[in-house]
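Trainee: Below you will find the structure I want to go over with you.
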């Protein structure tokens, strides 16, 4: 399952995102999206988890939780059109 994480602090790294989600199960990938030109975080990212139950538990527990001082929005990522 691909999970969207929004309202991230600009200081959060992909590794930190992975660590947070690994508390709920195995993470196959974690990526904070950054601006192509400046390299600065855009304030959102994606985590991929193979186990659907673990992913749903992570979404339920982390939506609205605080990561690096900011309340984050966590939900299942919508497929790209």
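No lab work stands behind these numbers, since they all come straight from the coordinates. Because the structure is a prediction, the values reported are computed rather than measured. Every residue, glycine as well, gets a Cβ built from its backbone with ideal geometry; the counts of neighbours run over all protein chains shown.
Trainee: What whole-number value in cubic angstrom gives the convex hull volume per residue for the C-alpha atoms of the range 2-76?
Mentor: Considering the Cα atoms of the range 2-76, their hull volume per residue is 72 Å³.
Trainee: Return the percentage of antiparallel bridges among DSSP beta bridges fully within the chain, rounded to the nearest 5 %.
Mentor: 100
Trainee: Then there is this: Treating the angle as unsigned and between 0 and 90°, give the value, to the nearest 10°, between the Cα long axis of helix 52-62 and the longest Cα principal axis of the chain.
Mentor: Approximately 60 degrees, to the nearest ten.
Trainee: Which of the peptides 46-56, 25-35 is most tightly packed, and how do the rest follow, going by the mean number of other Cβ atoms within 10 Å of each residue? Present the calculation step by step, with values, prior to reporting the outcome.
Mentor: Details: 46-56: 16.8, 25-35: 15.2.
Per-residue mean Cβ counts within 10 Å order the peptides as 46-56, 25-35.
Trainee: With each run of n ≥ 4 DSSP H residues scored as -39500 (n - 2.57), what mean residue ellipticity at 222 nm is computed for the chain after dividing by its residue count and rounding to the nearest 500 deg cm²/dmol?
Mentor: -7000 deg cm²/dmol
Trainee: How do 4, 10 line up, fewest other C-beta atoms within 10 Å first?
Mentor: With the fewest neighbours first, 4, 10 line up as 10, 4.
Trainee: For the range 1-41 and the range 60-81, what is the separation of their C-alpha centers, rounded to whole Å?
Mentor: Computed from Cα coordinates, the inter-centre distance equals 10 Å.
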